[in-house]
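Asker: Take this structure first; my questions come after.
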Amino acid sequence: MMASRKPLALHLGILALLLVLFFVLPAYHVGAFSRIMVLAIYAMGYNLLFGYTGLLSLGHAMFFAAGMYGFGLTTNLTGFSVIPAFASAMLAAGLLALGVGYLALRTAGVAFMIVTLMFAQTVYLIILYFGTYTRGDEGFVVQQAQRQLAGIDLTTETARYFTAFILFSVCFLAMAKLVQMPFGKRLIAIRENEERARMLGYDVANLKLRAMVISGVFSGVAGASYALLFGYVGASFAGVQYSIFPLLWVLLGGAGTTIGPLIGVIFMFYLIDISSGWTNAYMLVAGIVLVLLTLFAPQGIVGTLRKRGVAWLP
Amino acid sequence: MAAVNVLEAKGLTKIYGGVEANVDVDLHLDQGKITALIGPNGAGKSTFVGMISGRIAPTRGTVYFKGRDISQLPAHKRMQLGMAYTFQITSIFPGLSVYDNVALAAGLRLAHDKQAHDAKVHAVLDRIGLDDRADQTAGDLSYGHQRVLEIAMGLAQEPEVFILDEPTQGLSETEVDAFIALMKSIAGETTILLIEHNMRVVAALADHVTVLDQGRVLASGTFAEIHANDAVQAAYLGSTPHA
């Protein structure tokens with residue numbers, strides 16, 4: 001029983017810590033953590049596909065963007081309030097993941113990486129093409145008046161932090177539960193040995209598609225949250241670097257762990273934040289640290305801890 | 001034949017380019033019996049079980065499972081019907097614990113019932129002698145234990161038809177003895193198709209032996225009949241089989 005309680009205690013402890021941080025951190029870092037929690041949702045979505053199922057996508061920015069534009073365009077064009085706009089964002093990301101997954105999952109390995117990259121580029125170009133609505137590269141602002149929920153103004157620092165916190169908590173606990181369920185174990189089985197999983201009678205193609213859709217919806221939730229909380233929707237979020245970021249976060253934090261994505265986002269955020277205070281060549285510093293981590297902790301921060309004795313880490 | 005056919009292959013043929021891996025192979029498995037499929041390397045044994053299990057699409061021919069034509073079913077659906085398959089080259093989930101490996105195998109039927117699932121996993125591990133290693137990472141097990149684990153996974157599936165592709169390859173003599181005892185204990189409830197090179201195992205276990213040579217059925221019968229068959233002697237067993 002102890003073994004199964006520890007992860008839950010860890011997850012609740014992390015949430016409690018995030019709650020406390022709001023009261024003890026200076027304003028700048030509170031803002032930073034609002035952003036970190038939203039990006040961590042994106043990283044968790046990516047982690048389900050990459051860390052648990054073993055599918056490396058290079059095009060997840062399309063799902064983030066589907067959520068972001070799904071939310072931003074819905075509020076701007078139809079005047080829907082926050083909740084229906086958020087729901088349509090999730091729907092947009094889920095449907096995109098279903099369609100892309102249906103086609104891309106016919107491939108595997110490097111081909112899957114290339115196909116997802118190409119689909120993401122297509123989404124990026126579509127955003128630019130429909131510049132009349134999306135305002136292309138420049139993007140558009142989601143007005144303060146549209147960022148109200150039940151009388152609460154979500155543009156204030158406090159409301160933003162707690163909205164991010166609630167969204168993160170729901171996603172975090174849902175994901176932790178999901179990977180403990182038989183469904184999650186089957187995804188891990190696919191990652192470990194796909195042919196064996198198939199010969200145990202599991203419908204591998206169906207499981208992968210479901211993983212892709214859930215991963216896409218999580219990414220979409222992150223994109224929609226970003227638009228909601230930070231009020232900006234732009235094509236740069238659909239670009240290649242936003243497909244690479246979640247891969248880096250997950251690799252750094254620990255692929256296939258529940259807390260790795262959050263740790264990875266925090267680490268990367270402050271790595272760039274701190275090194276850019278020292279030098280303009282901060283990407284060089286970030287690059288060197290990434291190389292060192294890959295060399296000496298190839299399983300990421302949490303993955304390495306798990307290997308070095310904290311075996312119960314979920 | 002008084003016994004019931006659980007699995008039947010009719011005219012199974014696989015042609016790779018111009019190479020005839022299997023030509024018109026007929027085979028049936030009697031309920032609860034152990035059938036051994038033997039033959040020299042390259043005879044087409046693995047291709048044949050690949051077609052039965054659905055891993056390899058046949059050029060032509062039909063597979064029946066309990067009278068039903070399953071030729072069009074993908075591999076995972078055939079496993080769901082009640083087949084299990086162990087690979088020639090050990091195929092487990094190396095990064096997962098021994099327990100989780102067996103739990104995944106049993107999970108297809110039992111995942112909805114946590115207690116029955118857990119009990120099943122422990123029962124299988126106990127039967128196979130790996131219960132004390134349940135928490136070990138499967139990839140860290142010795143080769144022999146990994147092979148045993150793969151057989152345990154097959155048992156956990158509670159198959160009606162259990163196909164084993166060279167299960168004793170690389171096992172020590174004592175491990176082979178344990179394997180023979182295990183197979184004897186599950187025969188009767190389970191129908192077994194065994195691809196085997198080790199004649200000692202075939203002699204000890206097989207109710208029926210089919211010999212493949214160059215993709216065709218060369219002979220079929222009891223071990224004694226096969227042993228006495230001149231064509232088989234010439235093609236495969238040699239003059240003094242090490243039985």
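The values are calculated or read from the model by the stated rules, or taken from the named source; none is laboratory data. In this text the structure is predicted, and so the values were computed from the model without any measurement. Note that each Cβ is placed from the backbone with ideal geometry, even for glycine, and that neighbours are counted across all protein chains shown.
Asker: Tally the residues that are charged (D, E, K, R), within 14 Å of chain A (Cβ to nearest Cβ), in contact (Cβ under 8 Å) with a residue 60 or more places away in the chain and over 14 Å from residue B:191 (Cα atoms), restricting the search to region B:145-175.
Answerer: Residues meeting the conditions: 2.
Asker: Of all helices (runs of 4 or more DSSP H) completely enclosed by region A:131-224, which ones contain at least 2 residues that are on the phi < 0 side of the Ramachandran plot and either among the acidic types (Asp, Glu) or within 14 Å of another protein chain (Cβ to nearest Cβ) (or both)?
Answerer: A:157-180, A:182-192, A:194-199
Asker: Taking residue B:141, is it out of contact with any strand residue (DSSP E or B) (no Cβ under 6 Å at 6 or more places or on another chain), modelled with pLDDT of 90 or more and away from chain A (no Cβ under 14 Å)? Can you show your working first?
Answerer: Numbers: out of contact with any strand residue (DSSP E or B) (no Cβ under 6 Å at 6 or more places or on another chain): yes; modelled with pLDDT of 90 or more: yes; away from chain A (no Cβ under 14 Å): yes.
Taking the combined requirement at face value, the residue satisfies it.
Let's see how each residue does on (1) out of contact with any Phe, Trp or Tyr (no Cβ under 7 Å at 6 or more places or on another chain); (2) facing chain A (nearest Cβ under 9 Å); (3) part of a helix (DSSP H, G or I):
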| site | (1), (2), (3) |
| --- | --- |
| B:72 | yes, no, no |
| B:81 | no, yes, yes |
| B:84 | no, yes, no |
| B:94 | yes, yes, no |
| B:99 | yes, no, yes |
| B:107 | yes, yes, yes |
| B:115 | yes, no, yes |
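Asker: From the list A:144, A:148, pick out the single residue that is in contact with a strand residue (DSSP E or B) (Cβ under 8 Å, 6 or more places away or on another chain) and either at pLDDT 95 or above or surrounded by fewer than 19 Cβ atoms within 10 Å (Cβ to Cβ) (or both).
Answerer: Only one candidate passes the filter, namely A:144.
One line per residue, one yes/no per condition, for (1) farther than 17 Å from residue B:208 by Cβ; (2) in contact with a Lys or Arg (Cβ under 8 Å, 6 or more places away or on another chain); (3) surrounded by fewer than 19 Cβ atoms within 10 Å (Cβ to Cβ); (4) without any contact (Cβ under 8 Å) to a residue 24 or more places away in the chain:
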| site | (1), (2), (3), (4) |
| --- | --- |
| B:25 | no, yes, no, no |
| B:29 | no, no, no, no |
| B:38 | no, yes, no, no |
| B:54 | yes, yes, no, no |
| B:62 | yes, yes, yes, no |
| B:75 | yes, yes, no, yes |
| B:78 | yes, no, no, no |
| B:88 | yes, no, yes, no |
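Asker: Going by what's in this entry, would residue A:211 be described as surrounded by fewer than 24 Cβ atoms within 10 Å (Cβ to Cβ) and of a type in the set (Gly, Ala, Ser)?
Answerer: When the stated conditions are applied, residue A:211 does not pass them.
Asker: Let me ask something else about it. Given the criteria under 30 Å from residue A:185 (Cβ atoms), of a type outside the set (Asp, Glu) and at pLDDT 85 or above, does residue A:251 qualify?
Answerer: Yes: the conditions hold for residue A:251.
Asker: For region B:74-92, does any single residue satisfy the condition of being basic (Lys, Arg) and more than 26 Å from residue B:50 (Cα to Cα)?
Answerer: Within region B:74-92, the first condition is being basic (Lys, Arg), and the residues that meet it are B:77-78.
Subsequent filtering for residues that are more than 26 Å from residue B:50 (Cα to Cα) retains none.
The answer is no, given that none of the residues of region B:74-92 is basic (Lys, Arg) and more than 26 Å from residue B:50 (Cα to Cα).
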